[in-house]
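See below for the structure under consideration.
Where a number appears in this text, it was derived from the coordinates with a stated rule and is not lab data. Values in this document were obtained by computation on a predicted structure and should not be read as measured data. All Cβ positions, even for glycine, are placed from backbone atoms using ideal geometry, and neighbour counts span all protein chains on display.
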Amino acid sequence: MDTKKRINQETVNAVWRKAWEDQGAASSRAVFKHRLFIEGYPIFKRYIPQNMRSILEIGGGSGRYGLAFAKDFPKSTVVISDILPESLEMVKKMGSELGLRNVVMQKEDALRLSFPDNHFDVVFADVVIQHIPEYQEAVSEMARVLKPGGCLIISVVNARNFHMLYKILLRILGKEYPYGYEKSFTKKELRNVLRESDLVISAEDGFYVAYGIYRLKYISRIFGLFGKVCNRAVKMIDSVSGRFISRHFGFEIVIVGKK
């Protein structure tokens with residue numbers, strides 16, 4: 001059956017509306033302590049040009065990355081967009097807590113962005129396109145609003161990570177995946193998505209191999225310990241291998257395209 005016919009935007013929205021409502025009371029301090037942010041932000045930041053003046057985050061969710069960009073690039077304007085008002089309310093609250101003045105919150109549909117062509121220096125989307133059946137159309141929209149010479153930074157859940165075992169075990173146990181529809185990508189698939197949008201690939205990366213193991217803790221606490229051991233081992237190997245393990249087997253894989 002065609003995924004696009006089974007999954008519509010409202011189905012996806014319902015899952016994430018509940019997620020952001022549940023997290024609505026979270027403080028900025030708690031959001032920035034999340035391990036995915038701690039592991040991922042330094043990786044994303046290294047690909048942001050220092051002379052960047054405008055950045056659009058697609059599907060900002062909790063807003064943690066966009067707000068961190070705003071803090072670290074105070075001379076830039078950061079537009080954090082999401083299709084859900086519940087998300088934007090949470091981002092607005094945290095932006096106020098942090099005293100940021102260079103952030104704009106805006107309701108946007110990734111498939112129909114309201115911005116003109118060639119508008120942003122950087123477009124960023126963390127684990128967003130995996131929840132959109134029409135992901136190729138979404139990436140083409142991101143490329144459209146990117147300035148010539150600008151960069152598009154996209155991350156997705158890796159099909160070559162322990163996370164896939166977590167999904168398989170949920171199906172065997174007859175349980176639903178808590179985040180609804182989610183496509184996992186191989187590096188080859190992700191490359192092809194950018195090339196279809198006429199972008200030149202300038203970098204590939206990945207991070208937090210162990211997160212897929214941590215998610216198995218509901219089966220046994222031993223996976224928590226195994227995750228810690230794995231995380232330390234990966235960091236040691238990465239330090240002498242040019243981040244080989246994380247780039248290929250991270251929970252998230254990252255790709256950077258130039259227009």
Checklist entry - So, counting K/R as plus one and D/E as minus one, what does the shell of residues with Cβ under 14 Å around K235 add up to? => result +3
Checklist entry - From the cross-link list K18/K45; K33/K71; K107/K258; K33/K75; K75/K147, which pairs have alpha carbons spaced over 23 Å apart? => result K18/K45; K107/K258; K33/K75
Checklist entry - Percent antiparallel among DSSP beta bridges with both residues in the chain, to the nearest 5? => result 45
Item to check | Cross-link partners of K235 among aspartates and glutamates (Cα-Cα below 16 Å; sequence separation of 8 or more within a chain) | outcome: E39, D205, E252
Next on the checklist: Can you list residues from other chains, or at least 5 along the same chain, whose modelled amide H is less than 5 Å from the amide H of G60?
Outcome noted: S81, D82
Checklist outcome for this item: Cα pairs beyond 23 Å in region 69-166, in percent, come to 33
Item to check | Dipole moment magnitude, nearest 20 debye, the chain about Cα centre, only Lys, Arg, Asp, Glu C-beta charged | outcome: 900
Next on the checklist: Given the chain, report the % of alpha carbon pairs whose separation exceeds 26 Å.
Outcome noted: 40
Checklist entry - Looking at region 100-237, what % of its DSSP beta bridges pair antiparallel, to the nearest 5? => result 10
Item to check | Stokes-Einstein D (µm²/s) once Rh is taken as the Kirkwood radius of region 127-215 over alpha-carbon pairs, at 20 °C in 1.002 mPa s | outcome: 148
Checklist outcome for this item: With R₀ set to 22 angstrom, the calculated FRET efficiency between the beta-carbons of R35 and R171, to the nearest 0.05, is 0.30
Next on the checklist: Explain nothing, just the number: dipole magnitude of region 82-193 about its Cα centre with +1 on each Lys and Arg Cβ and -1 on each Asp and Glu Cβ, in debye rounded to the nearest 20.
Outcome noted: 440
Next on the checklist: Which residue, H34, N118, V79, has the largest displacement toward the positive end of the dipole of region 27-135 when charges sit on each Cβ (Lys, Arg +1; Asp, Glu -1)?
Outcome noted: H34
Checklist entry - How much net charge surrounds S81 when only other residues with a Cβ under 12 Å from its Cβ are counted (Lys, Arg +1; Asp, Glu -1)? => result -3
Checklist entry - Size of region 214-259 along its principal axes in angstrom, Cα-based, largest extent first? => result 45, 25, 10
Checklist entry - Radius of gyration and Dmax for region 163-259's Cα atoms, expressed in Å? => result 15.6, 46
